[in-house]
Amino acid sequence: MRILTAVAVAASIALVSAGCSKPAGTLEAAEETLGAANVRSIEYSGTGKWFQFGQAPSPTLPWPPFDVSSFKAAISYDTPSARVEMVRRQTPEPPRVRPVPVEQRPIQLVSGASAWNLAVPAGAPSGSGPVPQPQPAAVEERTMEIWVTTQRFLKAARANNATSEAANGGSTVTFTAGGRKYVGSINAQNHVEKVQTWIDTPVLGDTLVETTYSSYRNFGGVMFPGRVVRTQGGYPVLDITVSDVKLNPSVEISVPDEVKAFTPAAVQVNVQTLAPGIYYLTGTNAHTIAIDQSDHIVAVEAPTNEARSQAVIAKIKETIPNKPIRYVINSHVHFDHAGGLRTYVDEGATVVTHQMNRPYFEQAWAAPRTLNPDRLAQSKKEAKFETVTDRLVLTDKNRNVEIHSIANSGHNDAFIMVYLPKEKILIEGDAFTPGPADAPPPSVPNPYTVNLNENIERLKLDVRQIAALHGPRVVTLADLRHAIGVKSGTTN
């Protein structure tokens, strides 16, 4: 039985004039004004901004923006399924120096319990078409994006025992579907003004996703917002000015066979010895280094998520038995580099990071984790930090571990690298990501890599190996300099 607590509406409040027979600001009035019952599918398009979630250039700044010259979302409410396409290019943010922006054309799909992208595989011959790339981790978020669209939210509220209460001349409508809570605001004009829900992310825990709608108008027979703004983790991730809407278009999205048949592989961790006591743990495109000290272990980087960190920690213990992991060094706060840190905190490790990152982690980790409680949420251990401004040395009789700030990088303002002077190994992430051994250098050097070379020279580091935290291989300083067009042994 549907539960709808009646909105307290005074007798003097007029009913909506534009053909609506329901009390203003109610769920029923919004359904009638927006024609929700008759909407089976919708397509909307426009231009605006997209923002890269979890990749802020500083722990105090929003997600970096991209200019969106074309955006189109085609959504079927019944399956549910959706296809979202856009053309985007990273927005310059002077004086921050970034690589020359390239045009991106992502195509993202979801249908039922399957999600996938259409993209041309890396290294494919020129002229190759896009192929399906399974994205099972994206099902939750992409399905949520369907449910928060205006008419779909109203239909879901009607079908899922929504409750409603008066608020600001309209109403607040709340329901739970698929284990997720949705809270929507309907204004006095019977427009869905805002929808909130929460998803799990490894760094932020229960993460608020808030979509606001404004500038409603009639698009060829359907009332739809002229502007859609979505925030996630407190900052915008999408801001689209809508130019065209199609009511009930044909949206047929079939799940490709390779997506249906796809089974995520178990987390793999491979170990390569870089020098006695220095181990390179790979298996995805995000890596960890384990350093064997006299009575403890230092881990460098905890990428991705808890599952990855659990597998890496198990492999570290197998490789270096009977020693605790005392430190985990974090290069920067980007979520692909920080998503597994909490697992090391639960393990008892002290987090070593740039001093600007500590307040960010402390605030993020204090948030609720009810959607997907991790090990730390269950143990409730207190995080311990040791921070770096310019330089920190972890001293041990086996070796010193030097931690240096990467100064003036356009990639991140709270960015560190690790240098092992005994082995002459540099460990870094995102400043230089090596390509295949036979790949030609880029025509325009990556400014992050140019900056890394400048920092190596500034600090007078004698580097023989570079263990990048992304990429397919360990390289030399000569490889780095080749990538930026500088001959080894010379300076910029």
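From the list Thr91, Thr163, Thr149, which one is surrounded by fewer than 18 Cβ atoms within 10 Å (Cβ to Cβ), touching a residue at least 40 places away in the same chain (Cβ under 8 Å) and under 20 Å from Glu210 (Cα atoms)?
Result: Thr163 is the single residue among Thr91, Thr163, Thr149 that is surrounded by fewer than 18 Cβ atoms within 10 Å (Cβ to Cβ), touching a residue at least 40 places away in the same chain (Cβ under 8 Å) and under 20 Å from Glu210 (Cα atoms).
Arg230 - would you say it is surrounded by fewer than 22 Cβ atoms within 10 Å (Cβ to Cβ), under 30 Å from His334 (Cα atoms) and of a type in the set (Lys, Arg)?
yes
Only residues in the stretch 285-296 that are within 12 Å of Val418 (Cβ to Cβ) count as the first member; pair them with residues that are among the charged types (D, E, K, R) and assigned to a loop (DSSP other than H, G, I, E, B), Cβ under 6 angstrom, at least 6 apart or cross-chain, and list the lot.
Listed by first residue and then by second, the contacts come to Thr288/Glu301.
Among the numbered criteria (1) touching a Ser or Thr at 6+ places or on another chain (Cβ under 8 Å); (2) part of a loop (DSSP other than H, G, I, E, B); (3) not basic (Lys, Arg), which one does Thr387 miss?
Of everything listed in (1) touching a Ser or Thr at 6+ places or on another chain (Cβ under 8 Å); (2) part of a loop (DSSP other than H, G, I, E, B); (3) not basic (Lys, Arg), Thr387 misses just condition (2).
Identify all residues within the stretch 349-374 that are among the charged types (D, E, K, R) and either more than 21 Å from the chain's Cα centre (by Cα) or surrounded by fewer than 16 Cβ atoms within 10 Å (Cβ to Cβ) (or both); write none if there are none.
If the condition is that a residue be among the charged types (D, E, K, R) and either more than 21 Å from the chain's Cα centre (by Cα) or surrounded by fewer than 16 Cβ atoms within 10 Å (Cβ to Cβ) (or both), then Glu362 is the only one that fits.
State which residue pairs qualify: first residue under 26 Å from Gly339 (Cα atoms) and inside the stretch 179-204, second residue among the hydroxyl-bearing types (Ser, Thr, Tyr) and open to solvent by 20 Å² or more (accessible area, probe 1.4 Å) in any location, beta carbons under 8 Å apart, and separation of 6 or more residues or different chains.
Lys181/Thr174; Tyr182/Thr174; Tyr182/Thr176; Pro202/Thr304
For the stretch 297-307: of the residues being open to solvent by 10 Å² or more (accessible area, probe 1.4 Å) and not hydroxyl-bearing (Ser, Thr, Tyr), which is nearest to the chain's Cα centre (by Cα)?
Asn305
If the requirement is being closer than 24 Å to Gln272 by Cα and loosely packed, with under 13 Cβ neighbours inside 10 Å, which of these qualifies: Pro436, Pro440, Pro472, Pro421?
Pro436
Suppose the filter is among the charged types (D, E, K, R) and either within 19 Å of Phe53 (Cβ to Cβ) or touching a Pro at 6+ places or on another chain (Cβ under 7 Å) (or both); does Glu165 pass it?
no
What number of residues within the stretch 201-227 are over 30 Å from the mean Cα position of the chain (by Cα) and either open to solvent by less than 10 Å² (accessible area, probe 1.4 Å) or of a type in the set (Phe, Trp, Tyr) (or both)?
So the count comes out to 2.
Name, by its number, the condition in (1) part of a helix (DSSP H, G or I); (2) open to solvent by 10 Å² or more (accessible area, probe 1.4 Å); (3) out of contact with any Leu (no Cβ under 8 Å at 6 or more places or on another chain); (4) not aliphatic (A, V, I, L, M) that does not hold for Lys315.
Going through the list (1) part of a helix (DSSP H, G or I); (2) open to solvent by 10 Å² or more (accessible area, probe 1.4 Å); (3) out of contact with any Leu (no Cβ under 8 Å at 6 or more places or on another chain); (4) not aliphatic (A, V, I, L, M), Lys315 breaks only (3).
Let me confirm something: among Gln268, Gln310, which residue is in a helix (DSSP H, G or I), in contact (Cβ under 8 Å) with a residue 12 or more places away in the chain and within 25 Å of the chain's Cα centre (by Cα)?
Gln310
Of the conditions (1) among the β-branched types (Val, Ile, Thr); (2) in contact with a Phe, Trp or Tyr (Cβ under 7 Å, 6 or more places away or on another chain); (3) open to solvent by less than 10 Å² (accessible area, probe 1.4 Å), Thr343 satisfies every one except a single condition; which number is it?
If we test Thr343 against (1) among the β-branched types (Val, Ile, Thr); (2) in contact with a Phe, Trp or Tyr (Cβ under 7 Å, 6 or more places away or on another chain); (3) open to solvent by less than 10 Å² (accessible area, probe 1.4 Å), just (2) comes out false.
Could you list, in sequence order, all residues of the stretch 95-109 that are over 22 Å from Asn446 (Cβ atoms), open to solvent by less than 40 Å² (accessible area, probe 1.4 Å) and without any contact (Cβ under 8 Å) to a residue 60 or more places away in the chain?
Ile107
Can you name every residue in the stretch 111-127 that is within 22 Å of Val255 (Cβ to Cβ) and part of a loop (DSSP other than H, G, I, E, B)?
Gly112, Ala113, Val120, Pro121
Are any residues in the stretch 200-218 of a type outside the set (Ser, Thr, Tyr) and assigned to a strand (DSSP E or B), and if so, which ones?
Asp200, Gly205, Asp206, Leu208, Val209, Glu210, Arg217, Asn218
Filter the stretch 236-265 for residues that are outside any loop (DSSP other than H, G, I, E, B) and open to solvent by less than 30 Å² (accessible area, probe 1.4 Å); which is nearest to Leu118 (Cα to Cα)?
Filtering the stretch 236-265 for residues that are outside any loop (DSSP other than H, G, I, E, B) and open to solvent by less than 30 Å² (accessible area, probe 1.4 Å), the one nearest to Leu118 (Cα to Cα) comes out as Val259.
Which residue out of Gln133, Gln151, Gln108 is assigned to a strand (DSSP E or B), of a type outside the set (A, V, I, L, M), modelled with pLDDT of 95 or more and within 22 Å of Glu43 (Cβ to Cβ)?
Gln108 is the lone residue from the list that is assigned to a strand (DSSP E or B), of a type outside the set (A, V, I, L, M), modelled with pLDDT of 95 or more and within 22 Å of Glu43 (Cβ to Cβ).
The values are calculated or read from the model by the stated rules, or taken from the named source; none is laboratory data. Predicted model only: the values in this text are computed from it and were never measured. Every residue, glycine among them, receives a Cβ derived from its backbone with ideal geometry; neighbour counts consider all protein chains shown. These area figures cover heavy atoms from the full protein model, side chains too; ligands, DNA and RNA do not enter into them. Shrake-Rupley method; radii C 1.70, N 1.55, O 1.52, S 1.80 Å.
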